[in-house]
Every structure is written in structure tokens, then in C-alpha cells.
1. Return the residues of segment 198-234 that are under 39 Å from the mean Cα position of the chain (by Cα) and among the hydrophobic types (A, V, I, L, M, F, W, C); say none if nothing qualifies.
2. Going residue by residue through segment 478-501, is there one that turns out to be modelled with pLDDT under 85, under 23 Å from VAL434 (Cβ atoms) and either surrounded by fewer than 19 Cβ atoms within 10 Å (Cβ to Cβ) or of a type in the set (A, V, I, L, M, F, W, C) (or both)?
3. Looking only at segment 191-206, which residues are surrounded by 13 or more Cβ atoms within 10 Å (Cβ to Cβ) and assigned to a helix (DSSP H, G or I)?
4. Can you pull out every residue in segment 105-115 that is open to solvent by 90 Å² or more (accessible area, probe 1.4 Å) and either at pLDDT below 90 or within 60 Å of the chain's Cα centre (by Cα) (or both)?
5. Being in a loop (DSSP other than H, G, I, E, B) and modelled with pLDDT of 90 or more narrows it down to one residue among ARG430, ARG462; which is it?
6. Can you find, within segment 258-283, the residue that is surrounded by the most Cβ atoms within 10 Å (Cβ to Cβ) among those that are farther than 18 Å from LYS301 by Cβ and of a type in the set (Ser, Thr, Tyr)?
7. Do you know which of the residues in segment 326-337 that are loosely packed, with under 15 Cβ neighbours inside 10 Å and in a helix (DSSP H, G or I) is farthest from the chain's Cα centre (by Cα)?
8. Do we have TYR185 as within 28 Å of LYS421 (Cβ to Cβ), surrounded by 10 or more Cβ atoms within 10 Å (Cβ to Cβ) and among the hydroxyl-bearing types (Ser, Thr, Tyr) here?
Amino acid sequence: YFGTSISTDSGSFQEVVVKIERPTYKKPFLGGFRNVSTGVEFHNAGSQTKPKKRPDKGIQLFSKETQTVVDKNKLQQTRNTTSTQMTKIGLYVSNVTDKLISPGKYFTAEEYHKRRLEAVIVIQKYFRRWYAVRLVQNLLEEKRLRLAWEAQEELRKKREREELLRREYEKKLNPKTREDFELLYHDLELWLQEETERINQTLTGAERKTALCALLEEETELIACIEMHRLHANVENQQKAILHLLKKCAQPRRWKAFDGRITEMATQSSLRGKELLEMYISISAKDIPKDERRSVLLALKCIVKEHDCKLTQEIVALINRELDLMSRGVKECNLEGLRKRICTLFLQYVKIPEFNPEVARLLKVPQDPLQLYKNIYFCHSCENYLPSSEFPIPSNSRTIGKCRSCYQLDNEARLREAYYKYRLILESLRKAEVDYQDDTKIVFLVQLPDMQYLIEKIWNGRSVLSACSDLYDLVMVRWDKQQEWSPWNTILLTKTEADAHLKLIDLQQAYEAPFIDIIKQRHIRAKNYFAQIPAMSSFLRRNANQANANSYKN
């Protein structure tokens, strides 16, 4: 309430009381106008006046729109005008095809909604049954595919293992390389230890000494048999090495063009190497007719006569001697020694750069005597001067020791260790580390004896999860895949376990605390051992500095 004064007709002012009612609802806007000059808005009266409230009669009323259906009449005109003909006076329309439609039973809204609910329940029931059947079929299909995949993986693993065992058996049955003979001597050592243990447990006194002497004689025979195989393998390997050298001399120059195609160019020296290769294969061939052999010798004579020296004169003399003996009808078995001398002298002829220019870049011994003073070291075991490539330097060595041949001889005589399986693990590890492309270096400093110590002494030669001891199925992977591999950041697992381990994101959540403590203890043991290696000490210091920096930041 507030008071105001208004003017009356007589010109006087009268005080009146004005009552202001605050609206309890938002009034609808019914239009108005705004003064352009002053900007004042004026609304229509209906927007300012409170509507009159109808008196309450005590009866609930409804509006007309709620009770009455709104009808709409709209004319429709079909494309074809039709009409319905009814029976009338003067016209009969047959009612044979008419149907009598009677109204059905009336049902209320509750009954209608009840029928709808029952129909919905039936639809849900059949849908859920169909969904359950499809879900079970999908699960069965996934199970079938999983079982098929597991069977296929099991078959693949079995085939891989059989292939590895077959390859190892083939290496032992037909040894050709240094690694094959290591396997033979390793198996010989295992057999010798088993027999010695059996004799010590079952026999005593003079019988034990007799059995040990017999065992020693049997070991000597086996060693002699292995060395006979080595002699034959050396002959085959030497022949393969000679052919490999000559084929390299005969290869043309190759380079890749901008479009990716390989271009080859035969030079004068490569053609010369090809000619000498064909001639060496011809004079080394056996069981050829005499006429063909005679033509080969004459062609060889023409080749070596191009250069006059003491070596070529000796080759020509041997060729003339063989031609003379062949003309006299000497048997070929009596000519084998002479033919070997010709092949040996011709091989010396081929290895001279003056006669074969391509061989100069392939010879191990450089032609310049001054280069012999570079990278040449003395082996204190065999007392020979050899190039640095002939010395296998262990990672824990500070000086150059014995050469490869002396190491092999010492291994065959004493330890008889075989590094074949460890080499497979190391090669697999290096290949996996290269795929990371993070400039890893430590894995290429680890040698085969280091890998053997890491597997056998630190990890006990078995998987830390499943205790599988089959070295063919074991691999080494990173413990923390975010850091480069090192002996203190590795774990020994089977191939299946390694694939699952590398997919983990958080190791603390994936493994339990006691297991992580075991891994850390083995990492500490590996770090203490490899800290003695000079090449590893720098990496250890770098890791220590990085750890200190991280702790300082934290």
C-alpha cells in the first residue's frame, strides 16, 4: 500500500490509498509499443490487469476441449470417380457377395492395456529366447575358433620343436661347421659324466679302475671318429670356400637406380674372374671323357701362358706331363695326385692380383706389407701373429688373449661347452631389440659365455613363471619395455609367456609383490656380475645418474 494525491473536478487534490498486488504467475505478453525518442515501453492492458477468478462451486469442471473431439472436414477426390448403387424401385442389385459384419465384444481400457502388456511380454519372451540362442551360438563359435587356434598353435609349436630337434640331429649326424663339432663334444662330455657316475656308484676297487680304463679307451675311439669327420668336413668346406671366392670374383657390379631397379655391369676384371671360375670348375671335374679332359688342359695352358713366371711354367710342365701320360694310356686313378697338383697351382695362380684383379679386395692378407702392422696381435697359446678378427674378446676381458682356434681346442679338451641354444636365444633377443628402434647398445656387447652365465646362473636355466627348462622354448625379453634391454632389465620366459608379458601396461598391478621382489633380486645379482665388465660399467653409471636425477626431481 502507498498513498498518492489526485486532482478532482473542482481543482483540489485528494489523498487516496493505492493497493498493489504482486502477480503470482507470469503474465502473458499481449503486445504493446515503445516510444522511439524516450525508449519507454507500454504494454496492453490485458498484460497488466489480473484476470477475474471464477467463484468455486465445489464441483470439478472440465474444459470443452477435454470432452469434445475436434473434427476436421476435408474433401477428398479420388482419381477415378466411383459410386455405390443400391437396390431401389425398378433396380435389383444382388447381395450374394455381401458379408454380414457383427460387432465384437466390447472391452474396457484396462482390458485393452492388459492385452497390450501380455502381448509385450510374449514378444519379450521370444526376443530373449532368440537373443539367448544367438549368444550361445556365438559363444560356441568363439569356443570352436579358440580350440582350433589352440590346436593349430600347438601343432605349430610341435612342428617347430621337431624341426629344431631334426636340425640339431642333422648337425650331429653330419657335422660340418665348428658349432656342429661343439655339439658333438658336448654330448660326448654328457655321456662321459653319466658313465663315470654309473661306474662310481656300482663298482669299487680294481673293477672300478678297469671300467674307467675301458671308458677312457672308448672315449678315445669316439674322439678319433669325430676328428675323422672333421677332416672330411674341412675338405668339403675348403672346396666350398674356394668356389665362393671365385664366384665373388666373377660377380658383376650392381647398384640400385632411382626407380628401384637393379643395374648390373660386367667389367673387364669380372669377366676375367668368370673365365677363371669356369676353368677351375672344369679342371676340378671328375669322371669326364679323355677328349674333353685334353681340351680343358689345352685351354688352361693357353690361359696361363699369357703370363710368364715360375708358377705358370710349373703349371705348363704339369699339363704337358698329364697329356703325355694320358696318351700312353695310364689309368685315371694313377693321375689323381697330378691333377690335384694342377688344381692347387692354378688356385695359387687365381689368388694373385696380377692375374685376377678382382681377388685383391677379397684376400685376407693385404698386398701392402705396411698394412700388416695394423690390427695384428700375438696369440700366446699357439704363438702366431693373427689379425684382430681371429681373436674372440670376451666382454669381461681387459687384454687380448687366445685366438679362436685355441679357444676351440681348449673347450674341446676341457669344458666341452655347446653354445648353440644360447646363440639362438641371443639372436632372437637382438632381432627383437632392433625392432624397438630405440638405439639399444648393451645387447650387442653381450657374448655367448655371458648369455650362458645369465641364463644358467642368474635365472637357473628355466622360466621364472612356469619353470620350463626347454631352452628351445625360452626367450629373453625386457622386464620394463619402456627402457632398453640390459642384464638388469630382463626376464626369462617361454615364448607364449613373453608375448603376454609384453602386452602388460602396469607391472605392479599385473604381478604380486613377492614375485617382483624375486625379479629385483636377480637383477641385482646380474648387475653385480656385469659391473666387473669394463664395457658395462659406463652403462651402469649412466643408469645410476639417471635414477639419482629422477629421485631428485621427485
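1. ILE226, ALA233
2. Among the residues of segment 478-501, not one is modelled with pLDDT under 85, under 23 Å from VAL434 (Cβ atoms) and either surrounded by fewer than 19 Cβ atoms within 10 Å (Cβ to Cβ) or of a type in the set (A, V, I, L, M, F, W, C) (or both), which makes the answer no.
3. The answer is TRP191, LEU192, GLU195, THR196, ILE199.
4. Selection gives LYS105, TYR106.
5. Only one candidate passes the filter, namely ARG462.
6. SER270
7. SER327
8. Yes, satisfied.
The values are calculated or read from the model by the stated rules, or taken from the named source; none is laboratory data. Quantities reported herein were computed from a predicted structural model and do not represent experimental measurements. Ideal geometry is used to build each Cβ from the backbone, glycine not excepted, and the neighbour counts take in all protein chains shown. Keep in mind that these areas ignore ligands, DNA and RNA; they rest on the heavy atoms of the full protein, side chains included. Shrake-Rupley method; radii C 1.70, N 1.55, O 1.52, S 1.80 Å.
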